[in-house]
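Below is one structure; the comments refer to it alone.
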Amino acid sequence: MRAAVLGGTGFLGSQVVAALHTAGHAVTALTRRPHLVPAEVAIADLGRSWPLRARLTEVLAELAPDVVVNAAGHIWTPSATAHAVSNVELTDQLVAAIPDRPARLVHLGSSLEYGPVEPPAALREDAPTATGQLDSYTRSKLASTRLVLRAADRGLDVVVLRVFNAIGPGVDTASVLGRTAAELLRAHRERDTARIGLLAVEQYRDYVDVRDVAAAVVAAAVALLPAPGPHVVNIGSGHARATAEVVCALAEHTGVPYRVDRHAGARRATGAGWQLADLRRAGRLLGWAPRTPLPKTLAAIWASAAHPLNTAGKANLDD
């Protein structure tokens, strides 16, 4: 199978590229940062020009991929413009560039696209999407997924993977776990006590290992799916955990002395304080289930924080 990954050097995309390569597929990373692509992986340098539609059209026509993975987009930025450009406009250009020949598009969406539910409910794929006053990231992810779903009307083979909280080696330092790992590392080096800040209001999230997400992309790329599509599939761990529980588990793993400071503050994204993925469709359609236990994920986060050169895809922009 020939695969092309847009965003192949980002946190998610680099793991997707690695998983496709390990599975024996011919994978090409579509990127504006070719220096970050491993030597064994083919590269299509998108350059710095904008818009990218012409270049994407040229590259995809040449590669003739069987599957295109959209793993690009801004995540940890407060810029509404950056969200709109990288999450919406880029997706629009990608959809327009995919040739008419049969090619599956695997699009990485977000669990924040769902509206709130009350615990202990698990979110199914037919749950209502978020409405009301949304932050720019959530708005952009909803818009990009809708663009992809509309592309199915013209016959594009589409799979949307709604990814819950992906964590693992190389997690961005702007995220709560990335920030925690950085503070723990500082305290370890300075023989100090780590000071970990958390919101006063507890949040429960479904944390899934990024390598399990990559395995789900591989499964979605090769699955024989029933018609008609498109197919929206949740990708998570199937467990809702308090953020404080996960943060403290990371700190305990390191053995670094720490204290937790609860403070008021705005959440990164609007949405409920409870999220839990219903994974039955993922098992039924993709034959996929999460395999990495949380302690193993936390150990990988700590190892990558201490040895960042061993981890690909730490940048804020998954391009």
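Structure summary
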{"read-out": "Any hit, region 156-167, residues being of a type outside the set (Asp, Glu) and at pLDDT below 95", "value": "yes"}
{"read-out": "Residue within region 255-264 that is aromatic (Phe, Trp, Tyr), more than 21 Å from residue 117 (Cα to Cα) and at pLDDT 95 or above present", "value": "yes"}
{"read-out": "Residue match in region 152-159 (condition: at negative phi, in contact (Cβ under 8 Å) with a residue 12 or more places away in the chain and within 15 Å of the chain's Cα centre (by Cα))", "value": "yes"}
{"read-out": "Residue within region 158-173 that is in a helix (DSSP H, G or I) and crowded, with 22+ Cβ neighbours inside 10 Å present", "value": "no"}
{"read-out": "Test: residue in region 102-112 that is out of contact with any helix residue (DSSP H, G or I) (no Cβ under 7 Å at 6 or more places or on another chain) and at pLDDT 95 or above", "value": "yes"}
{"read-out": "Sole residue being in contact with a His (Cβ under 9 Å, 6 or more places away or on another chain) and farther than 22 Å from residue 263 by Cβ, chosen from 217, 160", "value": "160"}
{"read-out": "Any helices (runs of 4 or more DSSP H) falling wholly within region 33-128 and containing at least 3 residues that are β-branched (Val, Ile, Thr) and surrounded by 15 or more Cβ atoms within 10 Å (Cβ to Cβ)", "value": "none"}
{"read-out": "In region 1-27, the residues that are farther than 18 Å from residue 169 by Cα and either buried (at least 24 other Cβ atoms within 10 Å of the Cβ) or touching a Gly at 6+ places or on another chain (Cβ under 6 Å) (or both)", "value": "3, 4, 5, 6, 27"}
{"read-out": "Candidate set: region 182-229, residues that are modelled with pLDDT of 95 or more and assigned to a loop (DSSP other than H, G, I, E, B); chosen: the one surrounded by the fewest Cβ atoms within 10 Å (Cβ to Cβ)", "value": "224"}
{"read-out": "Any pair with Cβ under 8 angstrom, 6 or more apart, that starts in region 1-21 at a residue that is more than 23 Å from residue 61 (Cβ to Cβ) and ends at one that is in a loop (DSSP other than H, G, I, E, B) and aromatic (Phe, Trp, Tyr)", "value": "none"}
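The values are calculated or read from the model by the stated rules, or taken from the named source; none is laboratory data. A quick note: this is a predicted structure, and the numbers were derived from the prediction, not measured. Positions of Cβ are backbone-derived with ideal geometry, glycine not excepted, and every protein chain shown enters the neighbour counts.
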